[in-house]
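Just dropping this structure here.
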Amino acid sequence: MQLRIENVSHDYGPLPVLSDINFTIGEGEIVCVIGPSGCGKSTLLRMLGGLEKPTRGQILEVGKPPEGSLNPLTYVFQDFALLPWRSVHGNISLVLEGHGLSKTDIDTRIKDVLERTRLSDFESAIPKQLSGGMKQRVAIARALAVDPAVLLMDEPLSALDSQTRELLMADLIGLWERERFAACYITHNLNEAVRLGHRVVVLSRRPGKVREIVEIDMPLEDRDMTDPRIAKLQQDLWDMMREEALDADRELTT
Amino acid sequence: MSVTDIDSASTDSDVRPVPFRGGGFKTIDRKFVGLGVFIVLFAFWEWGSRSGFISSLVLPAPSEALEAFMDLARSGDLQLHLAASLQRLVLGFTCGTLLGLTVGTLIGLNSLARAGISPLVSAIFPIPKIALLPLFIIWFGIGEGSKVATILFGSFFPTVIATYSGIDGVDRTLIRMGQSFGLSRWHIIRKIVLPATLPSILSGMRISASISIILLVAAEMIGAEYGIGAYVLLAGNLMATDQLIAGVVMLSILGLIVNFLISRAEKYLLSWRS
């Protein structure tokens, strides 16, 4: 299944936040969206999963979601959004309940997804026992448990310290190599964008327009931080965004 | 600055440790201090009564109150009083809490209910329910009905307010998470909203339980044959201050037990809080 964004514009009252956005998230493809703060990245992501309606334009699902998908468009949130009173097992079972699955079905799915994400040892831990990185791993496992067609990731690593971020990025790359999921990955971190994105959509400051779509034609696992091509790409993106970020920073909020 | 510079500086006479300015503002759990205060107070009271420093007319000695309590236990009336009181308390408090939870949840989740009911709650909450007791007697009879109704009303309003303000405080990202996974509204309420409201509901119960005990005694002072309130009232009318103290101590212990039970429930149900 693909997700196509067609002529999407959005206003908050008189304030335009997004203007004429067009791009497609293909199967097994990670599309990173970057842009200065307040450019409407998160609003765009909320629309992709149907949590908000665009003022104009539409978001289209193209093709069928994978067989057995319980929730084709599934979010991974910046602040994890785990229920603190439920264990890792319980947090994953939460999103499987109410779909008419039997208890054994639910348990097999949980066992399976915990194995795939290498979290089996943490099944009965509760969130307050887990580090930030582990919480986000659990949230990713929860998202994978429903067999999504497209993962919608809202700055998933932004709440983590830089070392944990590095570890999780490697995890995500490994996971993608095994699972080949499609994702829309919102971030303000250019390094994440060049390491994880097959394509990088650069948005301008408010109202957000697509400034450029950069294709990165390099396998994810080869993208080493020391690779000059990666460094060059990151520098190019920064050159593109510097002015916008500077202007956005000096803007008064209304 | 090189390493040798630092070494030579530390041998300087003009060297002092950084003064400590932190600490304080943090309470440490000190066990047995509270118990100690009780023991000292009672010992002083007993000593004062025996030495004639405190006139027994003004305040009977703790030992006299204990004697009155033992008399009550021996006569078999203690059970009758306690059973009557506990029955009213449990019935009124349970019904009031359940109704309060229902109405509070409704106000928390439905904007029409909020607009319609919450001003009413704000208007009735501050009325001392004891003032309504004569009305309740007319409506529900002088027997159990009016007493239970008083307690029910007293515990209803704090629960309503605790519930809906708890729902207001639920982390919206958790609700959005539920929606994003396609959970039904009922699932979101039952599995996300209500568990997240539990801390607020329990602290509301702490307040409503204390209010219930106060109202229990007040209600039992009018037209009750048995009950701790009736016992205290009778003792007061007879100037039997030893019985009065015994009754009051029973109420205090009842309050402590209820509080203890709620603390245990909090510890057990809210162990997930960091």
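The values are calculated or read from the model by the stated rules, or taken from the named source; none is laboratory data. Just so it is clear, the structure is predicted and the values come from calculations on it, not from any experiment. Counting neighbours? That spans all protein chains shown, and the Cβs are built from the backbone with ideal geometry, glycine included. Quick note on the areas: whole protein, heavy atoms, side chains included, nothing else; ligands and nucleic acids left out. Shrake-Rupley method; radii C 1.70, N 1.55, O 1.52, S 1.80 Å.
Just one of the numbered conditions (1) within 24 Å of A:Ile21 (Cβ to Cβ); (2) touching a Pro at 6+ places or on another chain (Cβ under 7 Å); (3) open to solvent by 20 Å² or more (accessible area, probe 1.4 Å) is not true of A:Leu60; which one?
Result: A:Leu60 passes all but (2).
Follow-up. Just to be sure before I move on: is B:Ala61 more than 15 Å from B:Thr241 (Cβ to Cβ), in contact with a helix residue (DSSP H, G or I) (Cβ under 9 Å, 6 or more places away or on another chain) and open to solvent by less than 90 Å² (accessible area, probe 1.4 Å) in the structure I sent? Before you say what the answer is, go through the steps one by one.
Details: more than 15 Å from B:Thr241 (Cβ to Cβ): no; in contact with a helix residue (DSSP H, G or I) (Cβ under 9 Å, 6 or more places away or on another chain): yes; open to solvent by less than 90 Å² (accessible area, probe 1.4 Å): yes.
Considered against the rule, which asks whether it is more than 15 Å from B:Thr241 (Cβ to Cβ), in contact with a helix residue (DSSP H, G or I) (Cβ under 9 Å, 6 or more places away or on another chain) and open to solvent by less than 90 Å² (accessible area, probe 1.4 Å), B:Ala61 comes out as no.
Looking at A:Asp239, A:Asp217, can you tell me which residue is assigned by TED's automatic domain parsing to the domain that holds A:Asn7 and closer than 29 Å to A:Ala143 by Cβ? Give the derivation first.
On the way: A:Asp239 fails: closer than 29 Å to A:Ala143 by Cβ.
Only one candidate qualifies: A:Asp217.
Sort through A:Pro36, A:Pro16, A:Pro66 and tell me the only one that's of a type outside the set (Lys, Arg), touching a residue at least 24 places away in the same chain (Cβ under 8 Å), touching an Asp or Glu at 6+ places or on another chain (Cβ under 7 Å) and open to solvent by 30 Å² or more (accessible area, probe 1.4 Å).
Details: A:Pro36 fails: open to solvent by 30 Å² or more (accessible area, probe 1.4 Å); A:Pro16 fails: touching an Asp or Glu at 6+ places or on another chain (Cβ under 7 Å).
The match here is A:Pro66.
Right, another one. State which residue is modelled with the lowest pLDDT when the search covers only the range B:2-35 and only residues that are part of a loop (DSSP other than H, G, I, E, B) and among the acidic types (Asp, Glu). Step through it out loud before you land on a result.
From the range B:2-35, those part of a loop (DSSP other than H, G, I, E, B) are B:2, B:11-32; that's our starting set.
From what is left, the residues that are among the acidic types (Asp, Glu) are B:12, B:14, B:29.
On the way: B:Asp12: 68, B:Asp14: 86, B:Asp29: 80.
This residue is B:Asp12.
Are any of the residues in the range B:49-56 open to solvent by less than 40 Å² (accessible area, probe 1.4 Å) and part of a helix (DSSP H, G or I)?
Restricting attention to the range B:49-56, the residues satisfying the condition of being open to solvent by less than 40 Å² (accessible area, probe 1.4 Å) are B:49, B:54.
From what is left, the residues that are part of a helix (DSSP H, G or I) are B:49.
Yes.
Another question, if that's okay. Filter the range A:71-80 for residues that are more than 7 Å from chain B (Cβ to nearest Cβ), more than 16 Å from A:Ala182 (Cβ to Cβ) and open to solvent by less than 40 Å² (accessible area, probe 1.4 Å) and give the result.
Result: A:Phe80, single match.
Any idea how many residues of the range A:106-120 are free of Cβ contacts under 8 Å to residues at least 40 places away in the same chain, of a type in the set (Ser, Thr, Tyr) and either open to solvent by 70 Å² or more (accessible area, probe 1.4 Å) or under 15 Å from A:Val146 (Cβ atoms) (or both)?
Taking the range A:106-120 as the starting set, the residues that turn out to be free of Cβ contacts under 8 Å to residues at least 40 places away in the same chain are A:106-115, A:118-120.
Imposing the further condition that a residue be of a type in the set (Ser, Thr, Tyr) reduces the set to A:108, A:120.
Pick out the ones that are also either open to solvent by 70 Å² or more (accessible area, probe 1.4 Å) or under 15 Å from A:Val146 (Cβ atoms) (or both) and you get A:108.
Residues that pass the stated criteria total 1.
Hey, any hits in the range B:252-269 for a residue that's among the acidic types (Asp, Glu), in a helix (DSSP H, G or I) and within 14 Å of chain A (Cβ to nearest Cβ)? Reasoning before the result, please.
Start the filter on the range B:252-269 by keeping residues that are among the acidic types (Asp, Glu), which leaves B:266.
Subsequent filtering for residues that are in a helix (DSSP H, G or I) retains B:266.
Of the ones still in play, those that are also within 14 Å of chain A (Cβ to nearest Cβ) are B:266.
Yes: the range B:252-269 contains one or more residues that are among the acidic types (Asp, Glu), in a helix (DSSP H, G or I) and within 14 Å of chain A (Cβ to nearest Cβ).
Could you list all residues from the range B:246-261 that are surrounded by 15 or more Cβ atoms within 10 Å (Cβ to Cβ) and farther than 22 Å from B:Ala235 by Cβ?
The one that is surrounded by 15 or more Cβ atoms within 10 Å (Cβ to Cβ) and farther than 22 Å from B:Ala235 by Cβ: B:Val258.
Looking only at the range A:153-169, decide whether some residue is touching a Cys at 6+ places or on another chain (Cβ under 8 Å), modelled with pLDDT of 90 or more, closer than 28 Å to A:Val62 by Cβ and not assigned by TED's automatic domain parsing to the domain that holds A:Arg109.
Our first condition is that a residue be touching a Cys at 6+ places or on another chain (Cβ under 8 Å); within the range A:153-169, this holds for A:153.
Filter once more, so that each one left must be modelled with pLDDT of 90 or more: A:153.
In the following step, the residues that additionally are closer than 28 Å to A:Val62 by Cβ were identified as A:153.
Okay, now just the ones that are also not assigned by TED's automatic domain parsing to the domain that holds A:Arg109, so A:153.
Among the residues of the range A:153-169, at least one is touching a Cys at 6+ places or on another chain (Cβ under 8 Å), modelled with pLDDT of 90 or more, closer than 28 Å to A:Val62 by Cβ and not assigned by TED's automatic domain parsing to the domain that holds A:Arg109, which makes the answer yes.
Mind listing just one residue for me: the one in the range A:81-105 that is among the aliphatic types (A, V, I, L, M) and open to solvent by 10 Å² or more (accessible area, probe 1.4 Å) and, of those, nearest to the other protein chains (Cβ to nearest Cβ)? Write out each step before concluding.
Quick first cut of the range A:81-105, residues among the aliphatic types (A, V, I, L, M) only: A:81-83, A:88, A:92, A:94-96, A:101.
From what's left, open to solvent by 10 Å² or more (accessible area, probe 1.4 Å): A:82, A:101.
Working: A:Leu82: 8, A:Leu101: 13 Å.
Result: A:Leu82.
Filter the range A:204-254 down to the residues that are of a type in the set (Val, Ile, Thr) and over 20 Å from the mean Cα position of the chain (by Cα), then identify the one that is farthest from A:Ile21 (Cα to Cα).
Narrowing the range A:204-254 to residues of a type in the set (Val, Ile, Thr): A:210, A:213-214, A:216, A:226, A:230, A:253-254.
Filter once more, keeping what is over 20 Å from the mean Cα position of the chain (by Cα): A:226, A:230, A:253-254.
Working: A:Thr226: 33, A:Ile230: 26, A:Thr253: 23, A:Thr254: 23 Å.
If we take residues in the range A:204-254 being of a type in the set (Val, Ile, Thr) and over 20 Å from the mean Cα position of the chain (by Cα), then A:Thr226 is farthest from A:Ile21 (Cα to Cα).
Across the range A:42-57, which residue is surrounded by the fewest Cβ atoms within 10 Å (Cβ to Cβ) among those that are assigned to a loop (DSSP other than H, G, I, E, B) and within 14 Å of another protein chain (Cβ to nearest Cβ)? Explain how you work it out, then say what you get.
Initial filter on the range A:42-57 (assigned to a loop (DSSP other than H, G, I, E, B)): A:49-55.
Within this subset, residues satisfying the condition of being within 14 Å of another protein chain (Cβ to nearest Cβ) are A:49-53.
Working: A:Gly49: 25, A:Gly50: 14, A:Leu51: 15, A:Glu52: 14, A:Lys53: 10.
For the range A:42-57, the residue satisfying everything is A:Lys53.
Here's something else I'd like to know. Please go through the range B:232-249 and pick out each residue that is in a helix (DSSP H, G or I) and closer than 18 Å to B:Pro62 by Cβ.
Of the residues in the range B:232-249, the ones in a helix (DSSP H, G or I) are B:232-237, B:241-249.
B:Val232, B:Ala235, B:Thr241, B:Asp242, B:Gln243, B:Leu244, B:Ile245, B:Ala246, B:Gly247, B:Val248, B:Val249 - these are the residues of the range B:232-249 that are in a helix (DSSP H, G or I) and closer than 18 Å to B:Pro62 by Cβ.
Taking into account only those residues within the range A:1-41 that are assigned to a loop (DSSP other than H, G, I, E, B) and farther than 27 Å from A:Glu251 by Cα, which is modelled with the lowest pLDDT?
Of the residues in the range A:1-41, the ones assigned to a loop (DSSP other than H, G, I, E, B) are A:1, A:13-14, A:26-29, A:35-40.
Retained after the next criterion (residues that are farther than 27 Å from A:Glu251 by Cα): A:1, A:26-29.
Numbers: A:Met1: 87, A:Gly26: 92, A:Glu27: 91, A:Gly28: 91, A:Glu29: 93.
The qualifying residue modelled with the lowest pLDDT is A:Met1.
Can you name every one of the strands (runs of 3 or more DSSP E) wholly within the range A:174-247 that holds 2 or more residues which are open to solvent by less than 30 Å² (accessible area, probe 1.4 Å), of a type in the set (D, E, K, R) and out of contact with any Lys or Arg (no Cβ under 9 Å at 6 or more places or on another chain)? Reasoning before the result, please.
On the way: elements: A:182-186, A:199-203, A:210-215.
So the answer is none; nothing clears 2.
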